[in-house]
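> Here you go, one structure.
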Amino acid sequence: MANKTPLLERSYHIPLAMFDDAFRNFQKKYVYPQNLLLTAVLLAVAGVYVHAVVKDNTQTLAYILILSCIAIILVRWYRTFKLRRSVHEALKEIEQDTYALSVFEDGLEIRTEDAPNPSEEETAPAEEVSAEVEPASAEKPDGNGFQQLFPDEPAENEPIPPTEIRFGNGVKTHEYPDYFMVYLVRQNFYVIPKKDFSEDENAQLRKIFGLV
């Protein structure tokens with residue numbers, strides 16, 4: 001997209017609370033349905049063995065299988081909620097990062113801008129402190145992983161390459177009251193806060209994302 005003229009360019013910052021909300025919505029939309037399906041299947045399997053135990057309470061294997069089904073369900077949901085807490089703690093380290101968005105007719109380009117830590121501003125010039133991670137991203141929607149939140153750091157003085165997202169079947173966009181979510185199916189999702197854009201720009205984004 002380097003040779004194209006962007007339709008819109010803007011820098012933005014994602015508050016931690018906003019990303020928490022976005023990650024929660026991501027899980028509700030793409031993770032919870034899978035968890036619920038797995039829960040239903042395992043409860044059905046457990047129900048079969050409960051029926052067998054009622055008929056013959058000496059079947060030790062049936063007890064073991066019932067407990068196994070319940071354990072898998074609990075672990076699945078526990079890992080889903082634990083992941084949310086882990087992501088929250090990890091994102092505290094990059095909460096001050098600023099991103100630059102370029103919007104084109106056929107896609108987006110997201111770059112990480114210099115983002116000085118407020119605690120370091122008095123001791124280091126802003127231009128010497130740079131963010132070294134890309135926008136946080138969520139893993140495949142199996143609900144229990146988080147795809148490399150902090151990618152390998154580039155070599156010293158090597159610029160971080162921008163993230164290019166081309167619109168197509170592999171990209172889904174969702175609108176929430178305070179932000180847009182751009183989801184690369186089975187890969188990552190990106191949060192674009194409305195607060196850093198004017199009403200006209202948000203309307204333009206809504207149109208480009210096919211949300212109107």
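> Please report, in debye to the nearest 20, how large the charge dipole of the range 27-121 is about its Cα centre when each Lys and Arg carries +1 at its beta carbon and each Asp and Glu carries -1 there.
I would put it at about 1100 debye.
> OK, next. Determine the gain in length on full extension of the stretch residue 172-residue 11; use 0.36 nm per residue of separation and subtract their C-alpha separation, reporting nm with one decimal.
Working it through step by step, the gained length comes to 55.8 nm.
> Between residue 38 and residue 198, what length comes free when the chain is fully extended (0.36 nm per residue of separation minus the Cα-Cα distance, one decimal in nm)?
This chain segment gains 53.3 nm when fully extended.
> Once amide H atoms are placed 1.01 Å from N in the peptide plane, what residues at a sequence separation of 5 or more from residue 171, or on another chain, have their amide H within under 5 Å of its amide H?
For residue 171, the qualifying residues are 185.
> Another question, then. With respect to the cross-link table entries 92/172; 28/172; 172/207; 92/207; 82/195, which display a Cα-Cα separation exceeding 23 Å?
92/172; 92/207; 82/195
FYI, it's all coordinate maths here, none of it is from the lab. Being a predicted model, the structure only gives us computed values, none of them experimental. Ideal geometry is used to build each Cβ from the backbone, glycine not excepted, and the neighbour counts take in all protein chains shown.
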